Amino acid sequence: MDYAGYPRNDVLCIDMRSFYASVECMKRGLDPKTALLAVVGDTRRKGSIVLAASPMLKKKHGISNVSRFFELPDDPNLVIAPAHMGDYLEVSVEITKMIKNYVPQEAIHVYSVDELWVTINGLGRLYGSPYDIAKMIQSEIREQFGIECVIGIGDNKFLAKVVMDIHAKKAEDGIAECRYEDVAEKLWPCDIHDIWGIGSRMTRNLNRMGILTLGHLANHPLKYLKKNYGIMGEQLYWHAWGIDLSPVYGNFVKTEQKSYGHGITLLRDYDTEEIYACLLDLCEEACRRARIDGKEGRTVHLGIGYSSETGGGFSRSMSVQVPTNITMDMYAVCLKLFHRFYDGGSKIRRASVALTNLGDEFDVQLSLFDNQPKKKDLAEAMDMIREKYGSTAVLRASSYTSGGITIERSKKIGGHYA
């Protein structure tokens, strides 16, 4: 591969190790390296998931981020920490602010609450080599926040991310570098399942084609990958050669909204009467977000998942003649879909709604049979109250019933308690 025509940047991929657990350790004055601490999503439920485990807990007892609360060991030194998502977001924001002391906002791409890319082009004269800069940022995060991090360095985001996942996490200093010329040596021997962007399903498909490592993928004929997997196959091929043309500068916060939806996995089985209140709350939130962005949708999606006893469910959609962002309009369509496709007896464990086929919001067309302007005025008034006084300042009566979900969801961030 001739890399002469491809961009070369200095990109860092920074991952906070055991981030939630490290934050909880620092709050309690514990050493994140030696403490036995587990962050649990909901300590009131034995089946709740372990969101994070300290490095020592992982090493000593084999606890991982897919373990359950009831699987935690009976160790007198073990500290159980309820999740506080608000605290983790606050620390994440502060770390990003610290990095902005070195690079502009457009050089930072936050990938998740504990991971981000930073483009450090042009900083060599001030701070030295990319490795020196990575070491400096790593030390500052440790000193300011008490959190350990690992850093990958590459010519683009893909290389920085993959070398961080595969090599930096095993390196003694937590830093690894991979340039175009290093791909064959450092990445090709790796199992494709360990490569970012290749999930278990794609791994199985590629394995059936005799592709076991990234090197196999790089040397597989491109035309066959494109034939079998289209544009995804082509992307996999170029990634296998270390090529990634995604931007390293830009406004990575703003993205094009293609739908407004909400979904929930219920903590217990819901019957038919209770699911009505749940669906109304979901429609309310989806439409509220659409109104804030000045968008309307022509297509309403409804997804229902049954309990594990029966399994199954359905996902259906319906389009309307006039685009809308009115809660009761969307809710009415959801009820039509529900009554048409619900089997009538199964308990419900999952529900989701979405408003798609979006367009800009325009003036309401008058109708002799439906007072749309009044509906919009009422919805906007409720939005203003909630924006000023909080999401639960004004609620529909159904939100207070056993099937309502808004009050409980208002206490959470990302599905976990704030």
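The values are calculated or read from the model by the stated rules, or taken from the named source; none is laboratory data. On a predicted model such as this, the values are computed, not experimentally measured, just so you know. So basically every Cβ, Gly included, is an ideal-geometry build from the backbone, and we count neighbours across all protein chains shown. Each accessible area value is taken on the protein alone, full model and side chains, heavy atoms only, with ligands, DNA and RNA left out. Shrake-Rupley method; radii C 1.70, N 1.55, O 1.52, S 1.80 Å.
Worth a mention:
- Considering only residues in segment 294-307 that are at pLDDT below 95 and within 19 Å of E361 (Cα to Cα), the one that is most open to solvent (accessible area, probe 1.4 Å) turns out to be R298.
- Pairs where the first residue, in segment 330-346, is farther than 14 Å from E273 by Cα and the second is open to solvent by 50 Å² or more (accessible area, probe 1.4 Å) and of a type in the set (K, R), C-beta under 8 Å, 6+ apart: L337/R316; R340/R316; F341/R316
- G128 over 24 Å from G250 (Cβ atoms) and either modelled with pLDDT under 95 or open to solvent by 50 Å² or more (accessible area, probe 1.4 Å) (or both): no
- Meets criteria (polar (S, T, N, Q), modelled with pLDDT under 90, closer than 30 Å to K46 by Cβ and open to solvent by 40 Å² or more (accessible area, probe 1.4 Å)) for T310: yes
- Members of segment 183-201 found to be open to solvent by 40 Å² or more (accessible area, probe 1.4 Å), farther than 21 Å from D2 by Cα and not in a loop (DSSP other than H, G, I, E, B), listed by number: D191, H193, D194, S200, R201
- Output for segment 146-172, where each listed residue is touching a Phe, Trp or Tyr at 6+ places or on another chain (Cβ under 8 Å) and of a type in the set (D, E): D155, D165
- Residues being more than 15 Å from the chain's Cα centre (by Cα), over 18 Å from D293 (Cβ atoms) and either touching a residue at least 60 places away in the same chain (Cβ under 8 Å) or open to solvent by less than 40 Å² (accessible area, probe 1.4 Å) (or both) - total across segment 245-263: 5
- One residue stands out among those in segment 88-125 that are over 24 Å from P7 (Cα atoms) and in contact with a strand residue (DSSP E or B) (Cβ under 7 Å, 6 or more places away or on another chain): the one that is least open to solvent (accessible area, probe 1.4 Å), which is T96.
- Matching residues, segment 34-56, being open to solvent by 10 Å² or more (accessible area, probe 1.4 Å) and at pLDDT 90 or above: T34, A35, L36, L51, P55, M56
- Segment 155-182, residues that are among the β-branched types (V, I, T) and either open to solvent by 50 Å² or more (accessible area, probe 1.4 Å) or under 21 Å from N121 (Cα atoms) (or both): V162, V163, I175
- Answer residue from segment 19-55, given it is without any contact (Cβ under 8 Å) to a residue 24 or more places away in the chain and charged (D, E, K, R) and is nearest to D74 (Cα to Cα) among those: R44
- All positions within segment 306-326 that are within 17 Å of C283 (Cβ to Cβ) and either acidic (D, E) or over 26 Å from the mean Cα position of the chain (by Cα) (or both): M318, S319, V320, V322, P323, T324, I326
- Residue in segment 2-19 that is modelled with pLDDT under 90 and open to solvent by less than 10 Å² (accessible area, probe 1.4 Å) present: no
- The one condition in (1) open to solvent by less than 60 Å² (accessible area, probe 1.4 Å); (2) in a helix (DSSP H, G or I) that S64 fails to fulfil: (2)
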